[in-house]
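Below is one structure, written out as structure tokens; the observations come after it.
The values are calculated or read from the model by the stated rules, or taken from the named source; none is laboratory data. What you see is a predicted model, and the numbers here were worked out from it, not measured in a lab. When we count neighbours, we look across all protein chains shown, and the Cβ atoms used for this are built from the backbone with ideal geometry, even at glycine.
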Amino acid sequence: MEEQTKIFIVEDDKLIARFLQITLEKAGFKTAIEYNGRRAYERIMQEKFNLVLLDIRLPEMDGKEICRRVREVSDIPIIMLTAQDEISDKVEGLDLGANDYVTKPFDSEELMARIRSHLRQYREKIRTDEVTRYVVKDMIIYPERYEVTVKGKNIELTHKEFELLLYLVQNKRQVLSRDQILQRVWGYDYIGNTNVVDVYISYLRTKISEPFKDDENFDDDYIHTVRGVGYVIRD
């Protein structure tokens, strides 16, 4: 199985990148290397990798920004590699969605053990995805891999849009107030415009219907507005 596993090494130090590549390929993994942060982000969006080893200090786009953007659309395992050992840096990286954080210099055997552990967890999540899903008419939501399809077409959502849709679907046929949605999706300490719920509902409706704008028979009536109360999803 590991022979088919592809690990993306994002590291601007070419000596470290090459060392990681040799170590990983010796263990049976496939690898790819990128030294530039912006190109690395583009490749993660376009290519299929099973895990990313992500340095923080990168040209054009740093590792933290890459992690933040990737987490909006993917739950691929990310292990951050950095020479920094400040607790605040580790906390920030993990808060942005990194699965793990390894400080250079690192022990290669420990790193390999962490990689294998996160790959096992990720495969288990994928297997769970095949069972855990929510269906509303022609829409299917896979919560573990942040995926939504409508009539078989993938709907690209941001992390927050997905969380909002999932919350509505998990409470299907229950009318949810704006305050309930704010507290659940944005958090109890959210400070901002309360119209954010209406704005994101509009985003969802647009994204769900956009691929079918030329289909006269498409029923885009998924999210219903209950005036003066809130929103509800019904079959």
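Given the condition in a loop (DSSP other than H, G, I, E, B), at pLDDT 80 or above and under 17 Å from E147 (Cα atoms), answer yes or no: does some residue in segment 202-224 qualify?
Yes, segment 202-224 contains a residue that is in a loop (DSSP other than H, G, I, E, B), at pLDDT 80 or above and under 17 Å from E147 (Cα atoms).
Out of curiosity, is A32 among the small types (G, A, S), buried (at least 18 other Cβ atoms within 10 Å of the Cβ) and either not in a helix (DSSP H, G or I) or not assigned by TED's automatic domain parsing to the domain that holds E161 (or both)?
Values: among the small types (G, A, S): yes; buried (at least 18 other Cβ atoms within 10 Å of the Cβ): no; either not in a helix (DSSP H, G or I) or not assigned by TED's automatic domain parsing to the domain that holds E161 (or both): yes.
The answer is no for A32.
Residue by residue, here is whether (1) at pLDDT below 85; (2) β-branched (V, I, T) holds:
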residue	(1), (2)
N99	no, no
S108	no, no
I115	no, yes
Y122	no, no
K125	yes, no
T128	yes, yes
T132	yes, yes
I141	no, yes
I155	no, yes
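State yes or no: is L182 at pLDDT 95 or above and either touching a Phe, Trp or Tyr at 6+ places or on another chain (Cβ under 9 Å) or of a type in the set (S, T, N, Q) (or both)?
Criteria not met by L182.
Restricting to segment 156-168, name every residue that is surrounded by fewer than 19 Cβ atoms within 10 Å (Cβ to Cβ) and in contact (Cβ under 8 Å) with a residue 40 or more places away in the chain.
Hits for segment 156-168 are E156, T158, H159, K160.
Regarding L81, is this residue over 15 Å from the mean Cα position of the chain (by Cα), outside any helix (DSSP H, G or I), crowded, with 20+ Cβ neighbours inside 10 Å and modelled with pLDDT of 95 or more?
When the stated conditions are applied, L81 does not pass them.
Pick out the one residue from E161, E156 that is in a helix (DSSP H, G or I), closer than 30 Å to R123 by Cα, acidic (D, E) and outside the structural domain of I76 (by TED's automatic domain parsing).
E161
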